[in-house]
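S.K.: Please read through the structure below; I'll follow up with questions.
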């Protein structure tokens, strides 16, 4: 058998380079590409057909969870190991739901990352044992967001993607070109987001997206 093909997706160059060095220390693994945002990661997965993607969550243009969802829907099998600073239960639960094969923190040791990759290739799940449960915050904004939990669950993957791009400062025209949809469709999604979340200004959408971890 040939070497396992690995794609690294992270928006920080120094992290990508470090991950490449760690992965390449295993003779059976081969780095076939690196990506710096979620859209690029999905396109690279389609083109390169890696055996595994090591995926960050907080990336520009498309969140890592949405990128993972799209990659897991490709017509060929790709393992996805999420490597992130986001350890709250909401993210872990959604990762499981969309089919991620593993979820480990960025503070994990080199050996823990390689062990997780080994487990996944052996057909096992690799979810870090000490991921904490989500803790309630006394922060007023977080309490307000918790009231919107059910509403957040009603937001479609496309709406989440557009919410992220709005929060990153892209205009309707830029979003339309990036996603190959019409400006009118973007405007409709923006309007639906505001209605669903009971928000009234773009700045409120941005603040909500930041608190949900879509933007850092």
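The values are calculated or read from the model by the stated rules, or taken from the named source; none is laboratory data. Quick caveat, the model's predicted, so the values are computed rather than measured. All Cβ positions, even for glycine, are placed from backbone atoms using ideal geometry, and neighbour counts span all protein chains on display.
S.K.: Answer with yes or no whether residue 90 is in contact (Cβ under 8 Å) with a residue 40 or more places away in the chain and farther than 27 Å from residue 28 by Cα.
M.R.: For residue 90, the condition - in contact (Cβ under 8 Å) with a residue 40 or more places away in the chain and farther than 27 Å from residue 28 by Cα - is met.
S.K.: Residue under question is residue 79, and the condition is that it be buried (at least 17 other Cβ atoms within 10 Å of the Cβ), touching a helix residue (DSSP H, G or I) at 6+ places or on another chain (Cβ under 7 Å) and closer than 24 Å to residue 124 by Cβ; does it hold?
M.R.: yes
S.K.: Take the conditions under 11 Å from residue 9 (Cα atoms), in contact with a strand residue (DSSP E or B) (Cβ under 6 Å, 6 or more places away or on another chain) and buried (at least 23 other Cβ atoms within 10 Å of the Cβ) and apply them to residue 64. Does it pass?
M.R.: yes
S.K.: Same structure again: Mind telling me which of the residues 97, 4, 13 ends up being surrounded by fewer than 23 Cβ atoms within 10 Å (Cβ to Cβ) and in contact (Cβ under 8 Å) with a residue 24 or more places away in the chain?
M.R.: 4
S.K.: Inside region 114-128, can you point out the residues that are in contact with a strand residue (DSSP E or B) (Cβ under 7 Å, 6 or more places away or on another chain) and assigned to a helix (DSSP H, G or I)?
M.R.: Across region 114-128, the qualifying residues are 116, 117, 119, 120, 121.
S.K.: Let me ask you something else. Given the condition more than 24 Å from residue 7 (Cα to Cα) and either buried (at least 17 other Cβ atoms within 10 Å of the Cβ) or modelled with pLDDT under 85 (or both), answer yes or no: does some residue in region 109-129 qualify?
M.R.: yes
S.K.: Within region 159-171, can you find the residues that are crowded, with 18+ Cβ neighbours inside 10 Å and in contact (Cβ under 8 Å) with a residue 12 or more places away in the chain?
M.R.: Going residue by residue through region 159-171, those that are crowded, with 18+ Cβ neighbours inside 10 Å are 160-167, 170.
Of everything in region 159-171, those that are crowded, with 18+ Cβ neighbours inside 10 Å and in contact (Cβ under 8 Å) with a residue 12 or more places away in the chain turn out to be 160, 161, 162, 163, 164, 165, 166, 167.
S.K.: Condition check: under 29 Å from residue 87 (Cα atoms), free of Cβ contacts under 8 Å to residues at least 24 places away in the same chain and surrounded by fewer than 16 Cβ atoms within 10 Å (Cβ to Cβ). Does residue 198 satisfy that?
M.R.: It is false that residue 198 is under 29 Å from residue 87 (Cα atoms), free of Cβ contacts under 8 Å to residues at least 24 places away in the same chain and surrounded by fewer than 16 Cβ atoms within 10 Å (Cβ to Cβ).
S.K.: Still on this structure: Just give me the residues in region 49-59 being more than 13 Å from residue 82 (Cα to Cα) and either at pLDDT below 95 or surrounded by fewer than 16 Cβ atoms within 10 Å (Cβ to Cβ) (or both), in sequence order.
M.R.: To start, the set of residues in region 49-59 that are more than 13 Å from residue 82 (Cα to Cα) comprises 49-51.
Hit for region 49-59 is 49, nothing else.
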